[in-house]
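Note sheet for the following structure.
The values are calculated or read from the model by the stated rules, or taken from the named source; none is laboratory data. Everything numeric in this text was worked out from a predicted model, so none of it was measured. Methodologically, a virtual Cβ is constructed for each residue, glycine included, from the backbone with ideal geometry; neighbour enumeration extends over all protein chains shown.
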Amino acid sequence: MSDEGIAKVFPPREEHRKGVPIKSEEEYKRIYDESIKDPEAFWAKMADRIEWFSKDWDSVLEYDEKDVRISWFKGGKLNITHNCIDRHVNNGRKNQAAIIWQGEEDDDVKVYTYGQLLYEVSRVANMLKAKGVGKGDRVSIYLPMIPELAFAVLACARIGAIHSVVFGGFSSDALYNRITDCDSKVLITSDGGFRGGKAIDLKGKANEALEAGTTVETVIVVRRTGADVVMEEGRDFWYHELLADAEPQCEPEVMDAEDPLFILYTSGSTGKPKGVLHTCGGYNLYTTVTFEHIFGYQPGEVYWCTADIGWITGHSYILYGPLSAGATTVMFEGVPNYPQPDRFWQVAEKWKVNVFYTAPTAVRMMRKTGDDWIKMHDLSSLRLLGSVGEPIDPEAWYWYYDVVGGQRCPVVDTWWQTETGGIMISPLPGATNLKPGCATKPFFGIEPLTIREDRSECDVGENGRLVIKRPWPSIMRTLWGDHERFKDTYWNVYPGYYFTGDGGRIDEDGDVWILGRVDDVMSVAGHRIGAAEVEAALIGHPAVAEAAVVPVPDEIKGEAIYVFVNLKDGYEGSDELRKELVAQVRHDVGPIATPKIIQFAQGLPKTRSGKIMRRILRKIAGGGMHEDLGDVSTLADPDVVDQLIAGRIS
């Protein structure tokens, strides 16, 4: 939503400054200017926020702009799990809660202290070693939000293996693609998981993925639901049986700052997911520092990020950032509206949560159910609220601030991406004037810019393409196995800049407003879904000749998926065919990509060269009439536009 007409600004109050690192706008500006003037000196100083086995790095930053080769602290030695676990055990936090796991059912609870976390992670690390996993090997992890997911991720990092977490909601085809792209040696999965009171069959999907032929040699299966599953002898092993023989001591592997830490796949503008690669040192530092500053975490507090570890938010701000900072982090298996619409608030009250970080989709969903579900709970423990995944609209912001936070809690509206590794633009709770719907200020060392197509800088208040001027420590280093795609997608679009793929506007206060994606990637409930991936699934159906997918506004999810389908001769559109196409997408991509609307069409708007004009389809799907579509005379068949408008489904 535009910032025009939204004049209300919420300055930080005195109580917001208590215990947070940055206590005024002047202090923020001073440190920010220092970080931009000499970023290498700034990050070298910040590097003391984590522990290194050796700080003998070759240089703080090496940046080959032509080939886009980036390294931070190369030659420095560390292990991220030492920072997330061992140093806290050694510094008197052994008996502090590290992870509070709340299962879907209220009485399904496990609390792990830092000492217990070290014990569990070390055993899993030794279990992986016994299966031949070593430094540089890839391990795919396909698990629900259970403690074993956290242990598996951290165990990989401890022994130098590269973890690739695949969201448990993805289909067997999506899992197969992610396993084969990085040649995983081991798959860790479970018999199933629970979601909204229903059991989900993960092992069945994993078996389907592996039947197609992969590099996986070993499958380790966690027992969660107790369902009967097919286990292949010699390949599949029960987690609990292997763990029984694993020793509880495992020294962390000494890793170079630039050694790979994990691969996480994200949707792009082609059908093939992109394997974003993050490395150890810069990522560890940046997630720690952003967590400490943006959430202002204070000893003894309970922090809860409601994301799934299958997404980057879960990597950076459920596990690595909070644990490195010595926090108590909540890991939640359930959903916001099961068994009742007050589930989030019941959990927040139960654990006396101080910092609550969720997606605008969840905020809008809970707002729709009404305020009474919140008023029945004591949320006085809340100190700060956060938003992540997509721009939060001002209406949702006000409700979040007024009703959930009781007008006490600052709202940090954070903007960042899988590729950035950590939060890039966000208010700081003790220093920033809050503007509903605005991401506000860049974090230290981050220099955003809005530019026009010709690379000239936008004027104040002018919409443009959001780019970042120079690398920061947690930036992705490449796309796994495809450095050319990495360069072409992020750096060659506007040479010299990292292109975010988002539109933006910078106002007269220097605050950044995020305008959403400008490419063919949609943000559905905060999850990035590539239009091409959904289109590829649709075209796989024998009835479909062509498909074009565009986002449409959705009251709850922010964006929903609108599909235009051109059928092959001999096929006719019907509700039954719609159901088949929905099932096809859910099977090939996953339930998160379920289309909201499928419109059958006799043709699609194309240029004479055959390119589908998705710009026109977006406007038609959004309710636009012929006069709203701009010049359509260049289309190969301009009449198709009126046909599509006539057949539009609202």
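From the list VAL549, VAL544, which one is surrounded by 18 or more Cβ atoms within 10 Å (Cβ to Cβ), closer than 27 Å to VAL363 by Cα and either among the hydrophobic types (A, V, I, L, M, F, W, C) or modelled with pLDDT under 85 (or both)?
On the way: VAL544 fails: closer than 27 Å to VAL363 by Cα.
Among VAL549, VAL544, only VAL549 is surrounded by 18 or more Cβ atoms within 10 Å (Cβ to Cβ), closer than 27 Å to VAL363 by Cα and either among the hydrophobic types (A, V, I, L, M, F, W, C) or modelled with pLDDT under 85 (or both).
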Can you say whether THR361 is farther than 18 Å from MET424 by Cα, among the polar types (S, T, N, Q) and in contact with a helix residue (DSSP H, G or I) (Cβ under 6 Å, 6 or more places away or on another chain), as far as the supplied structure shows? no
Going residue by residue through region 305-312, is there one that turns out to be in a helix (DSSP H, G or I) and β-branched (Val, Ile, Thr)? yes
Kindly indicate the residue of region 237-254 that is touching a Ser or Thr at 6+ places or on another chain (Cβ under 9 Å) and not acidic (Asp, Glu) and also farthest from TRP72 (Cα to Cα) among those meeting that condition. PHE237
ASP511 closer than 18 Å to MET424 by Cβ, among the charged types (D, E, K, R) and in contact with a Ser or Thr (Cβ under 6 Å, 6 or more places away or on another chain): yes
Output the residues belonging to region 415-450 that are farther than 22 Å from LYS37 by Cα and of a type in the set (Gly, Ala, Ser). GLY421, GLY430, GLY437, ALA439
What are the residues in region 152-175 that are in a helix (DSSP H, G or I) and buried (at least 21 other Cβ atoms within 10 Å of the Cβ), if any? ALA152, VAL153, LEU154, ALA155, CYS156, ALA157, ARG158, ILE159, SER172, ALA174, LEU175
Among the residues of region 451-469 satisfying the criterion of being under 22 Å from ASP38 (Cα atoms) and among the β-branched types (Val, Ile, Thr), which is surrounded by the most Cβ atoms within 10 Å (Cβ to Cβ)? VAL467
If we scan region 246-253, do we find a residue that is surrounded by fewer than 20 Cβ atoms within 10 Å (Cβ to Cβ) and in contact with a Phe, Trp or Tyr (Cβ under 8 Å, 6 or more places away or on another chain)? yes
For region 57-68, name all the residues that are closer than 18 Å to SER474 by Cβ and in contact (Cβ under 8 Å) with a residue 60 or more places away in the chain. TRP57, LEU61, TYR63, VAL68
Restricting to region 554-581, count the residues that are part of a helix (DSSP H, G or I) and surrounded by fewer than 19 Cβ atoms within 10 Å (Cβ to Cβ). 6
Close pairs (9 angstrom Cβ cut-off, 6 or more residues apart or separate chains): basic (Lys, Arg) in region 111-125, surrounded by 21 or more Cβ atoms within 10 Å (Cβ to Cβ) and part of a helix (DSSP H, G or I) anywhere: ARG123/PHE151; ARG123/ALA155
Give me the residue from region 521-553 that is part of a helix (DSSP H, G or I) and among the hydrophobic types (A, V, I, L, M, F, W, C) and, out of that set, farthest from GLY314 (Cα to Cα). ILE539
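Scanning region 208-227 for residues that are of a type in the set (A, V, I, L, M) and surrounded by fewer than 16 Cβ atoms within 10 Å (Cβ to Cβ), which turns out farthest from GLY134 (Cα to Cα)?
Initially, region 208-227 is screened for residues of a type in the set (A, V, I, L, M), giving 209-210, 212, 216, 219-222, 227.
Now restrict to residues that are surrounded by fewer than 16 Cβ atoms within 10 Å (Cβ to Cβ): 212, 227.
On the way: ALA212: 25, ALA227: 31 Å.
Ranking the qualifying residues of region 208-227, first place goes to ALA227.
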Go through (1) part of a helix (DSSP H, G or I); (2) in contact with a strand residue (DSSP E or B) (Cβ under 9 Å, 6 or more places away or on another chain); (3) farther than 17 Å from LEU128 by Cα one by one and return the number of the condition HIS240 breaks. (3)
Out of ALA537, ALA525, ALA531, which single residue is among the aliphatic types (A, V, I, L, M), buried (at least 18 other Cβ atoms within 10 Å of the Cβ), modelled with pLDDT under 90 and over 19 Å from the mean Cα position of the chain (by Cα)? ALA537
Among the residues of region 512-528, are any under 18 Å from TYR63 (Cα atoms) and touching a strand residue (DSSP E or B) at 6+ places or on another chain (Cβ under 6 Å)? no
Quick check on my filter: what residues within region 90-108 are out of contact with any strand residue (DSSP E or B) (no Cβ under 9 Å at 6 or more places or on another chain) and either closer than 15 Å to GLU148 by Cβ or not in a loop (DSSP other than H, G, I, E, B) (or both)? ASN90
